[in-house]
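To start, the structure under review is shown below, and the notes come after it.
The values are calculated or read from the model by the stated rules, or taken from the named source; none is laboratory data. Everything numeric here is computed off the predicted structure, so don't read it as measured data. Reconstructed Cβ throughout: ideal geometry from the backbone, glycine too, with neighbour counts over all protein chains shown.
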Amino acid sequence: MLSLPFLASVVVLMVRGRQWATWLMIATAAACLLLAVGIYPAMDGGHALRHVIHWVPSLGLDLVLRVDGFSWLFLMLICGIGLLVGVYARYYMPPDDPLDRFCALLLAFMGSMLGIVMSGNVIQLVFFWELTSIFSFLLIGYWNQGASAREGARMALIVTAGGGLCLFAGMMLLGHIVGSYDLDVILAAGERVRADALYTPMLVLVLLGALTKSAQFPFHFWLPQAMSAPTPVSAFLHSATMVKAGVFLLLRFWPVLSGTDAWFWLVGGTGLLTLLLGATAAVFQQDLKAVLAYSTISHLGLITMLIGLGSTLGAVAAIFHIVNHATFKASLFMAAGAVDHEAGTRDLRRLGGLRHFMPITATLAVIASAAMAGVPLLNGFLSKEMFFAVALTTHRGPAVDMAAAAIAVLASAFSVVYSLRFAVGVFFGPARDDYPRQPHEPPRWMRLPIGLLALACVLVGMLPARVIGPPLRAAAYSVLGEDTPTFSLAVWHGLTPPLFMSAIALVAGCVVYVVLRGYFAGRETLPLLGRFSGRRMFEWVLTLLTATLPAALEGAFPSRRLQPQLLLIVLAASLAAGTAMWGSSLPLSLHGSGVDPAFALLWLLGGACAVGAATQAKFHRLAALLLTGGAGLVSCISFVWLSAPDLAATQLLVEVVTAIVILLGLRWLPKRISGMAPDTRRARLRRHRDMVIAAGVGLGLATLAYAAMLHPVADSISHFFLERAYTEGGGHNVVNVILVDFRGFDTMGEISVLAIVALTVFALLRRFRPAIESVDAPAQQRLQAAFEASDNGATTSVVADYLRIPGLIVQLMAPVIVLFGLHLFLRGHDLPGGGFAAGITVSVALVLLYMARGARWVEVRLRVAPLRWIGAGLLLAVSTGLGSIAFGYPFLTSHSRHAEVPLLGELPLATAMLFDLGVFCVVVGATSLMLVALAHQSLRRPRVLEMAAESGEER
């Protein structure tokens, strides 16, 4: 079930097309819903379904899928409302919208929500938690041509993703307290967690994650700004799923974290403030979706307050209201979208009398509004009555009990007011003739989801024990266990205090609406909210962090030169290292075998090259580059000397690539003009200072490395790899076996980082690409002709100022270099080589062709696509790891064997070679992408065009 939405999301992007996208989204949601319904009998009696997929067992990290009664209820909400939203979106979205990207994002978000509720490992839960933030950001900003959509998406991402980072830290602390990240182990350790000294900071971090996601005060401001999203997004994310993730988390960890004063005041107090703030703000809004957004904040505050009170009945009422709120609020969002779709506006001041044109939609919206107001015989009435019963029995003293009951009635009265504003203000009154569009009923299939949700409100309200009773009891038992209280879902409980409180709230709300109807219609918001709003605080903090503070730092360190910035970084790192090592003794000893004179002479030569590069950089950059290469070559020879051929080969290839990068970058640097920078006393002092710092840092690192090598190790880890490289990894090259087998998970992260860095470099270079329009048109035409004529031998060389590389020789050398790279790859598991070295080798061939034959020639003739190389490599590496899971082994477990092949003899075969092929593809793609981007920059520099214009030569 968990993988279905993600797979469907990828298929939607590949297939393309409005019809295919919507039908695939609907079919996927329906399939997930059927699977959820099918597993319900297995949870009878409070059992939890659990499936473990071994991921990194050595770190205690496994993929655990866990479904109990509580998570099953959320599965039904996610899949059921997701299905209805898919049907609704098919007719709501504009006809010219292809919908493939929208459906793909909505499916990916659905999968992320399923991951949250099905996670049996808290680190896994945080991963899916952050995925929901990312996909909600993309969905809120789906119509990114509007500034409000972009701003709302950015605000939602910053708030919710920041809260997710706090949640991650809290879960790390929770796992540290318990000694495990397994959810079942954590849920059984409530007493130990509450008694631990880290309970309070851990609780604060977890609450920051939950409260930001559920838009609780003071983080409530992001939800109204997210209303720029398409209405299907609002109906799915901001009423039924994403905003419910925070309260889901609070209830999930209720057995572990609740029962303390900190929990009562932090959770209960935050919920109380949010309840009142959201209800008060909702009655002043003029936009239909803004009314629903603030009312959602209020209802989420109500649920949070119920959870924070700490009573078991309050937890049951919170679960019940989560379900009820999801049904009537999703229906109302869809009704608001239908009004906007047909009438052309969501402004309450321009609406009214729509029941004459949209009678069916009006009836459904009135039912959902009545459920939100708590009218009897509808589901909202039952959960609010349970809320009143909990508020009367908080048992925190008479004053607290009275205050809780009074606030509950007040907030419920406000809910009646904004429900009446929605229903009466839109659908009742005389028909108007100034609508932006002539209103009429939306399509039948667009009304169907609204009607089904409204029907659910009626069925739960009239037959609660039969419709929602068993699932609610199963969900409550999953959270509370043996402490689950006895509760009744009857429609009539007699003349009880909660019933009188409901009646008072209904009557008071109607009276307030009638008396202050004109006052509410004349204001945009509550007067105090405009001055002391969370949005203003957010913008102030964001401005402080992104503008004011950087400007202050720039003022304190005004230099835009790279050298002073590097100096500060080196000094800070040295200070940190020195502080950590203060008072410790290093096991230094100079006795031992003598130093080989040849080796010492080699290193003196390398040191001379390094010093020469530092001194020549001022006068001749190409000479400094050659001397730097000499120092790198000495490092390669040293690796060979010390019997590390893999490191030597990799270092040599990296030196080649580095030389090309710097060579291409030389054309970006300004010319050296003699006499412009006299050698003053201050400049000499600065150079001497830098020399002392560089020598001190280098000596410190050398000392640390020497001490580490002399440190006696009782049981070196190298013995483990040496003994098991062939028997368990199937290869004699221990270094490569470590990279692609024993520590394949680390390599997976490294190639992912490499891909991200390549994309970042490419994006930056595209942004700062010199404008070719700055040169006159004839020069542009001559240079373009030079590019296009490269097939006829008129090659374009980027390094023509420094080196003359004949294009024909490079073109003949390239296949040999590629063949050598493939040789390195195929031998990598038993002999020096491997995917990384092979990838750099092939990249060198491609870049040499770019330099010699020009970018256009390579792109047309070779059809190089670095992004496809990167994508294919990552996909192959991940698929290799998932393949081991398919056979019941942990992620990236390798299998090896030797097979007899006719004519070739015995050949080593290992699944790690497929992973190594993924590494090879990523390195080729990332390296060529960065170098080619830099080559394009150099090819398009205005100076090249100016020289071509002045001399008439094609360079």
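Here are the numbers for this structure:
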| quantity | calculated |
| --- | --- |
| Sole residue being buried (at least 18 other Cβ atoms within 10 Å of the Cβ) and under 17 Å from residue 249 (Cα atoms), chosen from 107, 114 | 114 |
| Residue that is surrounded by the fewest Cβ atoms within 10 Å (Cβ to Cβ) [pool: residues in segment 722-752 that are of a type in the set (Gly, Ala, Ser) and not in a helix (DSSP H, G or I)] | 730 |
| Filter result for the condition that a residue is modelled with pLDDT of 85 or more and loosely packed, with under 12 Cβ neighbours inside 10 Å, over 507, 511, 515 | 515 |
| Search result, residues across segment 271-298 that are without any contact (Cβ under 8 Å) to a residue 60 or more places away in the chain and either under 29 Å from the mean Cα position of the chain (by Cα) or not assigned by TED's automatic domain parsing to the domain that holds residue 393 (or both) | 271, 274, 278 |
| Within segment 384-489, helices (runs of 4 or more DSSP H) holding 3 or more residues that are in contact with a Phe, Trp or Tyr (Cβ under 6 Å, 6 or more places away or on another chain) and without any contact (Cβ under 8 Å) to a residue 40 or more places away in the chain | none |
| Any hit, segment 314-329, residues being at pLDDT 90 or above, of a type outside the set (Ser, Thr, Tyr), part of a helix (DSSP H, G or I) and in contact with a Cys (Cβ under 6 Å, 6 or more places away or on another chain) | yes |
| Residue that is nearest to residue 99 (Cα to Cα) [pool: residues in segment 111-148 that are modelled with pLDDT under 90 and among the hydrophobic types (A, V, I, L, M, F, W, C)] | 143 |
| Every residue from segment 825-836 that is surrounded by 24 or more Cβ atoms within 10 Å (Cβ to Cβ) and either hydroxyl-bearing (Ser, Thr, Tyr) or part of a helix (DSSP H, G or I) (or both) | 835, 836 |
| Every pair of residues 6+ apart whose Cβ atoms lie under 7 Å, when the first sits in segment 523-545 and is assigned by TED's automatic domain parsing to the domain that holds residue 287 and surrounded by 12 or more Cβ atoms within 10 Å (Cβ to Cβ) while the second is at pLDDT below 60 and not polar (S, T, N, Q) | none |
| Those residues of segment 427-461 which are buried (at least 18 other Cβ atoms within 10 Å of the Cβ), farther than 22 Å from residue 87 by Cα and either aliphatic (A, V, I, L, M) or not assigned by TED's automatic domain parsing to the domain that holds residue 356 (or both), in sequence order | 460 |
| Matching residues, segment 261-307, being at pLDDT 90 or above and aromatic (Phe, Trp, Tyr) | 263, 264, 265, 294 |
| Residues satisfying the stated conditions in segment 636-646, i.e. surrounded by 17 or more Cβ atoms within 10 Å (Cβ to Cβ) and touching a residue at least 24 places away in the same chain (Cβ under 8 Å) | 637, 638, 646 |
| Qualifying position, being crowded, with 24+ Cβ neighbours inside 10 Å, of a type in the set (Phe, Trp, Tyr), outside the structural domain of residue 265 (by TED's automatic domain parsing) and in contact with a Gly (Cβ under 7 Å, 6 or more places away or on another chain), among 236, 221 | 236 |
| Leading residue by the ranking (modelled with the lowest pLDDT) among those in segment 573-623 that are surrounded by 10 or more Cβ atoms within 10 Å (Cβ to Cβ) and in a loop (DSSP other than H, G, I, E, B) | 587 |
| Set 464, 497: member being surrounded by 15 or more Cβ atoms within 10 Å (Cβ to Cβ), of a type outside the set (Gly, Ala, Ser) and at pLDDT 85 or above | 464 |
